[in-house]
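First up is the structure itself, then whatever we jot down about it.
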Amino acid sequence: MEYEIVTLEEKIAVGISARTNNASPDMGAVIGGLWNRFYNEGVYASIPKKENAKALGIYTDYAGDETADYTLIVACETTEEPAGKEFTVCHIPAGRYAKFVVRGDMVQATAQAWAEIWQMNLPRTFQCDFEEYQNDDMGEHAEIHIYIGLKET
């Protein structure tokens, strides 16, 4: 699977979160539930100061590697942190990332990409990884950019 190394500036993302892991039998329900709440229960619409309308799936607070618990935040980028406690705020750290471009069915293509990424020998930080959804197509024409945090060399 091909990727490019990119350097990103810090981003502020605001959304909702849940804790899970890749081996959990309810992982799909947890992740699907977050996305449902984000779009269908007005979370996205209520996030102030959206810098970028693209949805983000952020994986952070890893308890270890990809086999351990992590926090998933379904969010979008903002220009500043909102007041109040109704949202989860995440600072995506500046740094080096492996950027993968995935096209196809949103759910299937993303799941397949992650399965391949987990098999790669990348010098991962396990600090913060994220998906950036480039369009609203949930079907065969979705484009997702996956960013994997890399250790500095």
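If only the Cβ of Lys and Arg carry +1 and only the Cβ of Asp and Glu carry -1, the dipole of segment 4-150 around its Cα centre is close to 200 debye.
Can you give me the convex hull volume of the Cα atoms of segment 1-71, divided per residue and expressed in Å³? Please list the in-between numbers first.
Numbers: hull volume 9.7 nm³, N = 71.
For segment 1-71, the hull spanned by Cα atoms encloses 137 Å³ per residue.
Set Lys and Arg Cβ to +1 and Asp and Glu Cβ to -1, take the dipole of the chain about its Cα centre, and tell me which of 153, 89, 27 lies farthest positive. Projecting each Cα onto the dipole axis, the largest value belongs to 89.
With all pairs of separate Cα atoms included, the chain yields a Kirkwood hydrodynamic radius of 15.8 Å.
If I take all pairs of Cα atoms in segment 79-153, what percentage of them are more than 15 Å from each other? Kindly include the intermediate steps, with their values, before the conclusion.
On the way: 1698 of 2775 pairs.
Distances greater than 15 Å cover 61 percent of the Cα pairs.
Please check: in the Gaussian network model of the chain (C-alpha springs, under 10 Å), which one of 56, 34, 122 has the largest mean-square fluctuation. Residue with maximal mean-square fluctuation among 56, 34, 122: 122. If R0 is 35 Å, the Cβ-Cβ spacing of residue 50 and residue 151 corresponds to a FRET efficiency of close to 0.70. With an 8 Å cut-off on Cα pairs and a minimum separation of 6 or more residues, tell me the relative contact order of the chain in percent. With pairs under 8 Å counted, the relative contact order is 30 percent. Of 138, 68, 48, whose Cα points farthest to the positive end of the dipole of segment 4-150 (charges on the beta-carbon: +1 Lys, Arg; -1 Asp, Glu; origin at the Cα centre)? About the Cα centre, the residue reaching furthest to the positive side is 48.
Excluding residue 17 itself, calculate the net charge of residues whose Cβ lies under 15 Å from the Cβ of residue 17, where each Lys or Arg counts +1 and each Asp or Glu counts -1. Mind dumping the intermediate values first?
Working: positive: 19, 37, 85; negative: 41, 61, 69, 81, 86, 129, 131.
Within the 15 Å Cβ shell, the charges total -4.
Only the coordinates and a few stated rules stand behind these numbers; no lab work does. Please read all numbers here as calculations on a predicted model, not as lab measurements. Cβ coordinates were reconstructed from backbone atoms using ideal geometry, including for glycine residues, and neighbour counts include every protein chain displayed.
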